Amino acid sequence: MSYSEILANGRISKEARDFYELKNKAAEFYRTNGVPQRIEEVLNAMFYEMPEDVYGYLANYFSEYSKPSLISKIRGKEMLDGKGQPVVQVEILCTVKNHEKSISFAGVPCPSELTENALPDVRQSKAKERRESVNIALEWINEILCPMLKGLHPTDQPVVDKLLSDYFARKSEEEKERMKIETETIAVTPVPQQLPSSQPQKGKKGSAKAKKSATSEKPVPPAEPPEHIYKGSMAIGATSLAVAKAGAKLKKIPLYIYIAMLKYQEMPLELTMPLPMVTLLSCGKSSPGKLNLLKELIAIPSTQMTVKQSLKMFSDLQLQITRMLDASSKTGAVSKADSDLGCIITGYDRLEQPLDIIQESCKNLGLTLGEDLHLAVNCAAHELMDYEKGKYEIITGVHKSPDELVDYIVDLTSRYPAVIAVIDPLRKEDKEQWANLQGSLGRKCYLIAEAASKTISTLLLEENLKNPMHNCILLKQVNQTTISDLIEITKHLEGQTNITALGSSDWEIADDSLGDLAVGLGAKFVKLGGLSRGERVIKYNRLVAIEEELAQKGTMGERQPHMFSAANEVIFPIEESGSLLTDH
């Protein structure tokens, strides 16, 4: 008797009928999803292979047919940076095999214009601004970005970054409009201007001298207004990096390979390790001595050295320098302390003193400057300008005009040929002097713009990155900078014969992603500070780990020798030989 006949005769209960219909629905559900076919396939295959871990075999087999993992939630949290200040961390959660799992964490530094010798009122004001910015960023992440990105694939980096950038563009326009309205509503009282006298003044002593003084020095261009940092912008960069880390993890590949694949649209055959720029000494404006010019004295290893060899060499050199400073401090000649840059901060009165310390330390270790390692100096010129005098105070009481500072730096590199890189030798406003310095040093030195460069967002808006002022830009992933922005800017720089360097902020966090970014983006240099402080050392350790992975796989490319270009025209190589001269 058929099922319909049984129902007609009333010989089956309602419960049996419901159960029968449920079985039919279950069979249809499994048949629609191909479950019987898949089970038959895996059981047949597993029988012949007879693995020890049966359920592990089944798990691996069915994982190939599971749905792609999607972003289920984004959480913003507060963490502390290397100086104990609040910063934002982003956590990415994804639905993986029907379960919500935490996939990645990421944060970006919060840069600050606050100097180490800032007044208490300024520090308090900046701390308040920072707190407000962190709170706004957390609000963006948890209330806006979370629903916006929910359901997206973490591997769709361009899509995610486009959404993030568009949202930031809307918020920044709102902020600009708000600031414009506030400015327009402020009543401005006109200042009465005194009309110039129609009669020439005669007989005043010193008038000719004043006129001569006014024409003898070029007027210093005023400082450009700093690019506005929008409160909450760190939410954009942190979220972009966190999504990239999630995408790499779900693809089961290292972040540096994932970044390289995003940039080149394919798996690169080889990847080249960047040269680590390691800060040895800090003798800048905040140091106890009179010397202001050298905020950082940096070592660059030979292109033939591995990162691991380089760090071993620099660690030994740092120890040797410390011993020499300890010996000097017994006589009261030198004082020293640890810097936020992860290096020794010490005071000197003359430019030659720290350079000579480096030279003597190298000699004691059997190292040759200009062969085993080169030097770079970070002048941080924007911190040295005395706007009342219109000159740079390179040493307490010693001032140089922009033209004089160009001559001073040219003389420095001629006396110390191991110096092959100069960072921020001038303010970005001193365009004429940058061009002069490029003409004098471009054939033998990297002129690197850090503070003297514009932000990545502004550079991308300008598109044309050819700049006769410098031949290298130090890039940082901060604020609203997305991974897609970094990829685009490095492509532009490479296409216009510029050198790319990635750097960390003075306000660094304990995240090792910068090493992966530097390798994946193909940076020539990576500037991380000194070999102390955990938030910096973690990045050096990551570089060593990446290098070991590339060596084991046989995919580590050979570094090119140092090549210099004068105003983006002719390329000039440098031979890694010679020593530091001290005929001063």
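The values are calculated or read from the model by the stated rules, or taken from the named source; none is laboratory data. All values derive from a computational prediction rather than experimental measurement. Glycine gets a Cβ as well: all are built from the backbone with ideal geometry, and neighbour counts include every protein chain shown. The protein model used for the area step is the full one, side chains on, heavy atoms only, and it has no ligands, DNA or RNA in it. Shrake-Rupley method; radii C 1.70, N 1.55, O 1.52, S 1.80 Å.
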Checklist line | Within the stretch 496-520, tally of residues that are farther than 24 Å from ALA380 by Cα, buried (at least 22 other Cβ atoms within 10 Å of the Cβ) and out of contact with any Phe, Trp or Tyr (no Cβ under 9 Å at 6 or more places or on another chain) | finding: 1
Check: Hey, among ASP156, ASP166, which residue is farther than 16 Å from ILE74 by Cα, under 24 Å from the mean Cα position of the chain (by Cα) and not aliphatic (A, V, I, L, M)?
Finding: ASP166
Next item on the list: Scan the stretch 83-104 and give yes if some residue there is farther than 21 Å from ASP166 by Cα, touching a strand residue (DSSP E or B) at 6+ places or on another chain (Cβ under 9 Å), charged (D, E, K, R) and free of Cβ contacts under 8 Å to residues at least 40 places away in the same chain, otherwise no.
Entry: yes
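Which fully enclosed strands (runs of 3 or more DSSP E) of the stretch 281-381 have 3 or more residues being of a type in the set (A, V, I, L, M, F, W, C), surrounded by 17 or more Cβ atoms within 10 Å (Cβ to Cβ) and under 23 Å from the mean Cα position of the chain (by Cα)? It would help to see each step written out before you state the result.
On the way: elements: 293-301, 336-338, 344-346, 373-378.
The strands (runs of 3 or more DSSP E) meeting that bar are 293-301, 373-378.
Which of the residues belonging to the stretch 421-458 are open to solvent by less than 30 Å² (accessible area, probe 1.4 Å) and over 22 Å from the mean Cα position of the chain (by Cα)?
Within the stretch 421-458, the first condition is being open to solvent by less than 30 Å² (accessible area, probe 1.4 Å), and the residues that meet it are 421-427, 429-430, 433-434, 437-438, 441-442, 445-449, 452-453, 456.
Scanning the stretch 421-458 gives GLU429, ASP430, GLN433, TRP434, LEU437, GLN438, LEU441, GLY442, CYS445.
Tally up the residues in the stretch 521-539 that are aromatic (Phe, Trp, Tyr) and buried (at least 24 other Cβ atoms within 10 Å of the Cβ), please. Step through it out loud before you land on a result.
Looking only at the stretch 521-539, we keep the residues that are aromatic (Phe, Trp, Tyr), and these are 525.
Going one step further and asking which of them are buried (at least 24 other Cβ atoms within 10 Å of the Cβ), we end up with none.
Number satisfying all stated conditions: 0.
I'd like the full set of residues that are of a type in the set (Asp, Glu) and either open to solvent by 40 Å² or more (accessible area, probe 1.4 Å) or over 21 Å from VAL134 (Cβ atoms) (or both), limited to the stretch 71-106.
Step one: filter the stretch 71-106 for residues of a type in the set (Asp, Glu), giving 78, 81, 91, 100.
Within the stretch 71-106, GLU78, GLU100 meet the criteria.
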Next item on the list: Return the residue satisfying two criteria in turn: it lies in the stretch 483-495 and is modelled with pLDDT under 90 and within 14 Å of SER453 (Cβ to Cβ), and of such residues it is surrounded by the fewest Cβ atoms within 10 Å (Cβ to Cβ).
Entry: HIS492
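Name the residue that is surrounded by the most Cβ atoms within 10 Å (Cβ to Cβ), counting only residues in the stretch 382-410 that are of a type outside the set (Lys, Arg) and in a loop (DSSP other than H, G, I, E, B).
First, pick out the residues of the stretch 382-410 that are of a type outside the set (Lys, Arg): 382-388, 390, 392-399, 401-410.
Filter once more, so that each one left must be in a loop (DSSP other than H, G, I, E, B): 384, 387-388, 390, 396-397, 401.
Values: LEU384: 23, TYR387: 9, GLU388: 6, GLY390: 15, THR396: 12, GLY397: 6, SER401: 17.
Checked the stretch 382-410; the qualifying residue surrounded by the most Cβ atoms within 10 Å (Cβ to Cβ) is LEU384.
Looking at the stretch 508-522 only, could you name the residues that are closer than 21 Å to GLY107 by Cα and either of a type outside the set (D, E, K, R) or modelled with pLDDT of 95 or more (or both)? I'd like the intermediate steps shown before the answer.
Going through the stretch 508-522, the residues closer than 21 Å to GLY107 by Cα turn out to be 508-521.
Across the stretch 508-522, the qualifying residues are ILE509, ALA510, SER513, LEU514, GLY515, ASP516, LEU517, ALA518, VAL519, GLY520, LEU521.
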Check: Restricting the first residue to the stretch 63-81 and requiring it to be touching a residue at least 24 places away in the same chain (Cβ under 8 Å), which pairs with a second residue that is open to solvent by 50 Å² or more (accessible area, probe 1.4 Å) meet a Cβ separation below 6 Å and a spacing of at least six or different chains?
Finding: SER66/LYS97; PRO68/HIS153; SER69/LEU250; LEU70/THR95; ILE71/LYS150; SER72/THR95; SER72/GLU100; GLY76/ASN142
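Give me a count of the residues in the stretch 219-252 that are closer than 19 Å to GLN552 by Cβ and open to solvent by less than 40 Å² (accessible area, probe 1.4 Å).
Our first condition is that a residue be closer than 19 Å to GLN552 by Cβ; within the stretch 219-252, this holds for 248, 252.
Filter once more, keeping what is open to solvent by less than 40 Å² (accessible area, probe 1.4 Å): 248.
Counting residues in the stretch 219-252 that are closer than 19 Å to GLN552 by Cβ and open to solvent by less than 40 Å² (accessible area, probe 1.4 Å) gives 1.
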Check: For the stretch 377-399, what are the residues that are touching a residue at least 60 places away in the same chain (Cβ under 8 Å) and among the charged types (D, E, K, R)?
Finding: GLU383, LYS391, GLU393
